[in-house]
Amino acid sequence: MPVIPVNTPSASYDVTIGSNLLSTLHPRLRKLNRDKPFRPFVITSPEIWALWSKPFLASFKESPTILFLPSGESHKRMSSVESLAQQLATSGADRDSLLLAFGGGVLGDMTGFLAAIYMRGIRYVQIPTTLLAQVDSSIGGKTGVNLLAGKNLIGSFHHPQAVLADTDVLATLPAAQLRAGLQESIKAGIIYDAKLFRYMEQNADAILSGDPAALTRVVAASVRVKADVVSKDEKESGLRMILNFGHTIGHAIEAATNYKQLLHGEAVAWGSIAALNVAAARKTITQKDADRITQLILRYGPLPKFKATAEKLVALTSRDKKNRSGIRSFVLPTAIGETEIVRNVTEPELLAATESMLTLMRQHTAAPRISKKQMR
Ligand SMILES: NC(=O)c1ccc[n+]([C@@H]2O[C@H](COP(=O)([O-])OP(=O)(O)OC[C@H]3O[C@@H](n4cnc5c(N)ncnc54)[C@H](O)[C@@H]3O)[C@@H](O)[C@H]2O)c1
Ligand SMILES: [Zn+2]
């Protein structure tokens, strides 16, 4: 069973990946907390609990307290955190309480933030249930909620005690969610791990059909990338920025479509293609490698089409939270598995790259029009 360490100046913990983790949860929590007392509180959504509560509870002699939040990004708000904190307080939660975030990235980010601020900070464990949460959001200690003014504008760094990623739960994940999460794995391959990239090229059918062995391998390799990058740069002062590959235009696409038409991973996929176009035009990557990457991204589609002009998307990038003092940092691949961060991408360059991504999108076979609601 892959166990991947995260070692940062403020915390060290393991990400464990494998089958059947849920049913051994309680002994694992006891081991993590050694002789310290702990009282578990599960934070989850009714949908996830309906699917997976049985194995989750199998190893508990006494049922933990379960707190529910409806699923969906629209609930990732301060008001949800306050309501959960209130419920914790009335259930007698104290500094010995241990929060268990059991859900996708939305629940994980919120539970982490709640753990960061409840009684000035308590312990929590991430038990991610989406592919995106297993390979990305549960690792690295970034927690937070959205404001109406923008996503993730309130939050803190607060690492979990452990991440327990049970790959069995991916079996119930809607196909579109699986594919969108796999785009973050492709990203990990592009920026850091040529071997993962090749594995995803050569085993696309098995991975996309949810073959457990193939998925476990992809999750483990992607986690290794994130864990390694976060261990080297906890607070995103340098290297961690490479995780934002494809996210500049990706975030702009999400904003332009009001976060309603595309899943995050799908927007990042189009954004990655735009970033590749910048790199290919600058010749920092060969056209051959750029094409090969684009093909892999499209192979893990279908990616939904959307309506937005290049001008609008580029204008939206200036609002990107990752900009510092108005300077836009851009992550560009130099080869498969390697990147560089540049700060001098000009607006005309970005416009041209976005325009050719949009042209490709228009030529691309249309993905079936499904609403985000159906995908969930
Ligand atoms: N903290 C970080 O570093 C970080 C990194 C990337 C993304 N994020 C955040 O992650 C969030 C997105 O996370 P997400 O993509 O996991 O979305 P999500 O949490 O909204 O989950 C997607 C949907 O899948 C359902 N679901 C979850 N697990 C399931 C399962 N096993 N079977 C069936 N259905 C299941 C959920 O109920 C939900 O409807 C965003 O808010 C984003 O900001 C955070
Ligand atoms: Zn992302």
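The values are calculated or read from the model by the stated rules, or taken from the named source; none is laboratory data. Since the model is a prediction, treat every value here as computed from it, not as a measurement. Cβ placement follows ideal geometry from the backbone for every residue including glycine, while neighbour counts extend to all protein chains displayed. The area values use the complete protein model at the heavy-atom level, side chains included, leaving out ligands, DNA and RNA. Shrake-Rupley method; radii C 1.70, N 1.55, O 1.52, S 1.80 Å.
A few notes on this one:
- Test: ARG198 is among the basic types (Lys, Arg) and open to solvent by less than 10 Å² (accessible area, probe 1.4 Å): no
- Filter result for the condition that a residue is touching a residue at least 60 places away in the same chain (Cβ under 8 Å) and among the small types (Gly, Ala, Ser), over GLY108, GLY72: GLY72
- Filtered residues of region 233-253 (kept if open to solvent by 10 Å² or more (accessible area, probe 1.4 Å), in a helix (DSSP H, G or I) and touching a Leu at 6+ places or on another chain (Cβ under 9 Å)): THR248, HIS251
- Test: residue in region 211-227 that is of a type in the set (A, V, I, L, M), open to solvent by 40 Å² or more (accessible area, probe 1.4 Å) and closer than 18 Å to MET361 by Cβ: no
- Within region 228-275, being among the hydrophobic types (A, V, I, L, M, F, W, C), within 11 Å of ligand 1 (Cβ to nearest atom) and under 21 Å from GLY301 (Cβ atoms) holds for LEU263, VAL268.
- Pairs are defined by a Cβ separation below 7 Å, a sequence spacing of at least 6 or placement on different chains, a first member in region 123-135 that is on the phi > 0 side of the Ramachandran plot, and a second member that is crowded, with 24+ Cβ neighbours inside 10 Å; no pair meets this definition.
For (1) of a type in the set (S, T, N, Q); (2) open to solvent by less than 10 Å² (accessible area, probe 1.4 Å); (3) at pLDDT 95 or above; (4) under 18 Å from PHE197 (Cα atoms), each residue gets a yes or a no:
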{"residue": "ASN258", "(1), (2), (3), (4)": "yes, no, no, no"}
{"residue": "ALA267", "(1), (2), (3), (4)": "no, yes, yes, no"}
{"residue": "TRP270", "(1), (2), (3), (4)": "no, yes, yes, yes"}
{"residue": "ALA290", "(1), (2), (3), (4)": "no, yes, yes, yes"}
{"residue": "LYS322", "(1), (2), (3), (4)": "no, no, no, no"}
{"residue": "GLY337", "(1), (2), (3), (4)": "no, no, yes, yes"}
{"residue": "THR346", "(1), (2), (3), (4)": "yes, no, no, no"}
{"residue": "THR354", "(1), (2), (3), (4)": "yes, yes, yes, no"}
{"residue": "THR359", "(1), (2), (3), (4)": "yes, no, yes, no"}
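- Residues satisfying the stated conditions in region 102-118, i.e. in contact with a Lys or Arg (Cβ under 7 Å, 6 or more places away or on another chain) and open to solvent by 10 Å² or more (accessible area, probe 1.4 Å): VAL106, ASP109
- Looking at ALA149, ALA162, ALA171, just one residue is within 21 Å of ILE17 (Cβ to Cβ) and open to solvent by 50 Å² or more (accessible area, probe 1.4 Å), and that residue is ALA171.
- Screening ALA213 on (1) assigned to a helix (DSSP H, G or I); (2) farther than 28 Å from LYS305 by Cβ; (3) in contact (Cβ under 8 Å) with a residue 24 or more places away in the chain shows it passes everything except condition (3).
- Residue identified as loosely packed, with under 15 Cβ neighbours inside 10 Å, outside any helix (DSSP H, G or I) and of a type in the set (Ser, Thr, Tyr) among SER59, SER74, SER63, SER79: SER63
- Check on PRO37, open to solvent by 60 Å² or more (accessible area, probe 1.4 Å), more than 16 Å from ligand 2 (Cβ to nearest atom) and within 20 Å of the chain's Cα centre (by Cα): no
- Any hit, region 95-109, residues being within 16 Å of ligand 2 (Cβ to nearest atom), closer than 21 Å to HIS159 by Cβ and hydrophobic (A, V, I, L, M, F, W, C): yes
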